[in-house]
Each structure stands twice: as structure tokens, then as C-alpha cells.
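Just so you know, all these numbers are worked out from the coordinates, no wet-lab data involved. This one's a predicted model, so the numbers in the text were calculated from it and none came from an experiment. Note that each Cβ is placed from the backbone with ideal geometry, even for glycine, and that neighbours are counted across all protein chains shown.
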Amino acid sequence: MQELTHYINGAHVKGTSGRFADIFNPATGEVQAKVPLASKDELDQAVQIAAAAQPAWAAVNPQRRARVMMKLVDLLNRDMDKLAEALSREHGKTLPDAAGDVQRGLEVVEYCIGAPQLLKGDYTDSAGPGIDMYSMKQALGVTAGITPFNFPAMIPMWMFAPAIACGNAFILKPSERDPSVPLMLAELMEEAGLPKGILQVVNGDKEAVDAILEHDVIQSVGFVGSTPIAEYIYGKGCSHGKRVQCFGGAKNHMIIMPDADMNQAADALVGAGYGAAGERCMAISVAVAVGDDTADRLLEHLVPKVEALKVGPYTSGNDVDYGPVVTAAAKANIERLVQTGIDQGAKLVVDGRGFKLQGYEDGFFVGPHLFDGVTTDMDIYKYEIFGPVLSTVRAQTYEDALKMAMDHEYGNGTAIFTRDGDTARDFANRVNIGMVGINVPIPVPLAYHTFGGWKKSMFGDLNQHGPDAFKFYTRTKTITSRWPSGIKEGGEFSIPVME
Ligand code: NAD
């Protein structure tokens, strides 16, 4: 049994708390490793090391810090296959999807190469007589991030790359379900030239998280995960005086207008609904068809595509559309919600229940499910399922469809499929959701824009990556400066006397 470690001060360090969590191979259901769960003391040791290392790192000029990011890009590309394999083995997603997870993180590292430009301050010459005013963006000090299981490469990089490019030290508390890739990323950062103690990985659960939230030295906390935990971390982190940004769960609606290309819409729904077994915060989980005729035409295209989905282990290579879900508990929760859908009167038009794969009977596989006739009072509509389950809701008008998306408590992403520019424009302007796709089902913004939902999908103000990340990981100092007149008034030839 492999025993994973923490990564402290440039070395793999065994856990000392005596507490561990099992790490499964979701495809086989076997426990493949155990990860140590840090105590408050272990977290504190990492914080002290970070605090000692950070001032020297902040004093390194931004261009040199950016060169570490440049080198990291090379190393990520060099190790892409290795990282993707480790990621798939613990998470279960397919290899191309795992490489995409690394790639979307790498793109934020590329953005951080622009740190010298992004960190430039403002300057006002002659703000008053002989007075200049300027502001500079300074690192916060020791920062921390708590990340979810579903993007174990991308989300840690979205946090630590900008934090470190800004001159901070960063402590990463990754998901205890798939911590191997975060540990590998910390090694790569040091290979790229990062000094020891600037990026450390402390594995753990609620105990480590609470220790982060309560620690006086930690200045900021970034969190990505489910909404109840996001809310908890935001409240507790703020009450301890930290800068906090928390990104939570989702229930993303895709509106299908009568004039949409149904084949294109169905293809989009299959990828966005079932890719990564639906374990994406930007997955589409609700298809809102406008009009019964639209719904019927959509399902005509969609049902055969859902039925044809290939589910299997990542080791089957490109022959698989999606893999297992992450744990037996996740599988049980999905099955429970599917049953509520049936009990509450939705029509299960593709029934993935009882799915078994020969040779992988103990794996956490869930077959594809497609519901029709879902209504807004049903549990499968209200709650995030985070599995390969797509709900079709029939709206009578565009206004009804828009209202549904707007009334849902989550506001991460949404999409509209239409050929009508006026409807698309109206939707984009009025909808109260953070990321909108127009004929694009998963509108994840690129690295130089920012990522973030609204409503119960986000607590805080600044978004992830893009310019917002450089604001989140720095604070502004503004200097007003006046110099008394100096020797330019000429030399003084008499002996100086006190006046
Ligand atoms: P999770 O909330 O269970 O765990 C996230 C992190 O919080 C982990 O590091 C975990 O160790 C920690 N944690 C769990 N329970 C805790 C507790 N009681 N106290 C303190 N810390 C705790 O989320 P998950 O299952 O790993 O990830 C899936 C969720 O993340 C989904 O809801 C998904 O929508 C969401 N997500 C959101 C975004 C986004 O950007 N909005 C992106 C990815 C995932």
C-alpha cells in the first residue's frame, strides 16, 4: 500500500497525525494508496516555513518570478502524459480529459508569465505642488487554497500560479480523494526554479481546513468545491480577517430555442452533460427546450446519442466517452437522486441504472441517464447531482425558460442554442449567471478573462484567473511624496548654524 506524503519545505514529508484517508482507483474500486490527514501542528509548521521564505521571494523581481512560470510550462508539457495518467488513476476521467485538466491549468501559468506587466502600478506626476502620487501592488504574504477533487491539476494551478507570480507563498490543501497530481505539481515548481517553502502541499480534511482558516499568518484563502462548504469557508475565513474567495456548486441550464440546429444542440448536450461523468461545475445538467415540439425534436436526436455513450476505465484509451465517478458514496448519491426523479414523476427515457462493466464490477461506474418531463419542484431539478444525469424541462416560452435559469439558486454557467441573434443577445444581457455560452455549451473563459459564477455559486467578489487573480493576490499601497528643495538652490558657503 502506497503511503502518500505532504510536500513541505521542498521535500516529501510523512504525515505524523496518525490519520489517513483511502485513495481509490474508481475504475476497480480498490484502495490504491492512503493519504495523510494533517493536524493543526503540521499545518502550522508549513505556515512558519512559508512565512520565513516569502519575503525573499517577494523581493525577487517580477521578471525572474515570471521565468519560473515559463519553465513550468515546459515541464508541464514534458510530463503531460505522466500527469494525465496519475490524474486518471485517482479521479477516473479519461486520459484526453485528464490532459485537458492539466492544459487548462497550464494556460493560466502562461498568463502569469505576464506578471511584470500585470503588477505595474499607477503614477500621478505633480498631484499637488511638488507632490507625486503612486501606487504599487504588493504581495499579501502567506496565502492558501483548498481545492476540489474534480480538477486536481487545473484548479490548484489557477490558484498557486498567480499567487506565486505576485510574490506570495502558497499552501495548497488539495482534495483528499486525488492528491497525487498536486504533489507532482509542487515538485515541478521547484524543478522550474521556485525556492523551497514557497509552494507547499498539506494534505488533509476539515481539521487542516479549519487550521488554515484560523491561522493568523495566512492572509488569504481561495476555495473551490461544493456550496455548503464554500459558504462555511467564506464565513469563517472572513470572520478571521482574511481575504476569501469561494466558488461553489452549480446547476447549469442550456436553453434550446425552436430555431436551434437540433443535431448540434444534441451533440453539445451529450458532451456537456456526460463528459467527465457529469463531474464538472460547468456541466450542463438541465436542458430547457422551448416548446413541446422543440423538446420532441431534441429528444429524437439526443436519445440515440446518449444510448451510444461508451463508459469504461481510462485504460481503454480513446474508446471511452467517460469513466467512473470518484467514490462509491458519489455513486450512491447519484442513484438516490435518480430514484427521487422516478418517484416524483419524471420520465426516465434513457435508463442507466444497474450498469455493470465486465471485469470492473466493483468500479464506481454509473450508466448514462436522461430524464424528460422534469419540473422545477423535483429534487433532480433543485439539487446538483454531479453525475451522468441530464434532466429535460419543457418551457412554453423563451421568457419561461429565462425565468427558470434566473430563479435557480445556482448561477455558475448557462447556454442558449438559437440561430436568432436578438434572442441570444437578450439572454446574455438579462440572465443573472456568471458565464454564458451562445451556441457554446461549456463557456469556460480563457485564462486572460476571469472565471466565476453568481448567486450560490460564488462567495466573494473577485473571480478566478485573469486580471482578477492579480488583484486578489496583491494589495495596493499608495504613496504620496513630496521632497523638500535640495541642493539645486546652490551651495552654502557660510558655516551652517541652527536657525
Ligand atoms: P467538497 O466541497 O466536498 O470539497 C472541496 C474541498 O473542501 C476539499 O479539499 C475538501 O477536503 C474540503 N472539505 C470537504 N468537506 C469539508 C468540511 N466539512 N470542512 C472543511 N473542508 C471541507 O467538493 P468536491 O466534492 O471535492 O468537489 C465537487 C464540488 O465542487 C461540486 O459541488 C462542484 O460544482 C464544485 N466545483 C465548483 C467549481 C467552481 O468553480 N464553481 C469548480 C469545480 C468544482
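The residues neighbouring Ser285, those whose beta-carbon lies less than 13 Å from its own, together hold a net charge of 0 under the Lys/Arg +1, Asp/Glu -1 convention.
Among Met157, Met70, the order by Cβ neighbours within 10 angstrom, fewest to most, reads Met70, Met157. The gain in end-to-end length when the Val303 to Glu191 segment is fully stretched comes to 35.5 nm, 0.36 nm per residue minus the alpha carbon separation. Pairs exceeding a 32 Å alpha-carbon distance, out of Lys82/Lys120; Lys356/Lys382; Lys71/Lys331; Lys251/Lys356; Lys305/Lys382: Lys82/Lys120; Lys71/Lys331. P(r) for the chain, from all Cα pairs and a bin width of 10 Å, is 4, 19, 27, 24, 15, 7, 3, 2, 1, 0, 0 %, short bins first. Helix 40-59 and the longest principal axis of the Cα set of the chain meet at an angle near 50°.
Spin-label model, Tyr134 to Arg19: label points 7 Å out along the Cα-to-beta-carbon direction sit 4.9 nm apart. Global size of region 252-438: 16.0, 52 Å for Rg and Dmax (C-alpha atoms, Rg to one decimal, Dmax whole).
Compared with the dominant Cα axis of the chain, that is its longest principal axis, helix 262-274 is turned about 70°. Going 7 Å from the Cα of Asp41 in the Cα-to-Cβ direction, what parts of region 191-208 have a backbone nitrogen less than 16 Å from that spot? Backbone N within reach: 208. So in region 252-438, what percent of DSSP beta bridges are antiparallel if you round to the nearest 5? Restricted to region 252-438, the bridges split so that about 10 percent are antiparallel. Relative to the longest principal axis of the Cα atoms of the chain, the long axis of helix 62-78 makes an angle of roughly 30 degrees. When the charge dipole of the chain is built from unit charges on Cβ atoms (+1 for Lys and Arg, -1 for Asp and Glu) and taken about the Cα centre, the candidate among Leu118, Gly145, Met458 whose Cα reaches farthest toward its positive end is Leu118. Two numbers describe the Cα atoms of region 376-445: Rg and Dmax, which are 12.3, 34 Å. Each of Ser316 and Tyr383 was given a label point 7 Å from its Cα along the Cα-to-Cβ line. The distance between the two points is 2.9 nm.
For region 129-175, the share of alpha carbon pairs falling in successive 10 Å distance bins from zero is 25, 38, 18, 10, 6, 2 percent. Multiplying the residue separation of Thr397 and Lys82 by 0.36 nm and removing their Cα-Cα distance gives an extension gain of 108.5 nm. Put in order of Cβ neighbour count within 10 Å, fewest first, the listed residues Ile433, Ile256 become Ile433, Ile256. Using the alpha carbons alone, the radius of gyration of region 219-265 stands to its Kirkwood radius in an Rg to Rh ratio of 1.37. Dipole size of the chain about its Cα centre, with +1 on Lys/Arg Cβ and -1 on Asp/Glu Cβ: approximately 1040 debye, rounded to the nearest 20.
Determine the distance separating the Cα centre of region 419-452 from the Cα centre of region 376-391; give it in Å without decimals. The two parts, judged by their Cα centres, are 22 Å apart. Taking only the alpha carbons of region 82-154, we obtain Rg and Dmax values of 20.4, 66 Å in that order. Take 136-149, 214-227 and order them by the average number of nearby Cβ atoms within 10 Å per residue, most first; the result is 136-149, 214-227. Quick one: net charge around Phe364, please, counting Lys, Arg +1 and Asp, Glu -1 for every other residue with C-beta under 15 Å from its C-beta. My count for the surroundings of Phe364 gives -1. Ordering His253, Gly434, Trp158 by Cα displacement along the dipole of the chain toward the positive end leaves Trp158 in first place; charges were set at the Cβ atoms of Lys, Arg (+1) and Asp, Glu (-1). Here the scattering of region 27-89 is modelled by Debye summation over its C-alpha atoms, one equal scatterer each and no solvent; at q = 0.22, 0.23 Å⁻¹ the log10 of I(q)/I(0) is -0.95, -0.95. A crude spin-label estimate for the pair Ala328 and Glu30, with each label 7 Å from Cα along the Cβ direction, gives 1.6 nm. Over all directions, the projected convex hull of the C-alpha atoms in region 92-231 averages 10.9 nm² in area.
The three principal axes of the C-alpha atoms in region 383-494 carry coordinate ranges of 94, 32, 23 Å, sorted with the longest axis first. Going from the residue with the fewest nearby Cβ atoms within 10 Å to the one with the most, Glu176, Glu30 rank Glu30, Glu176.
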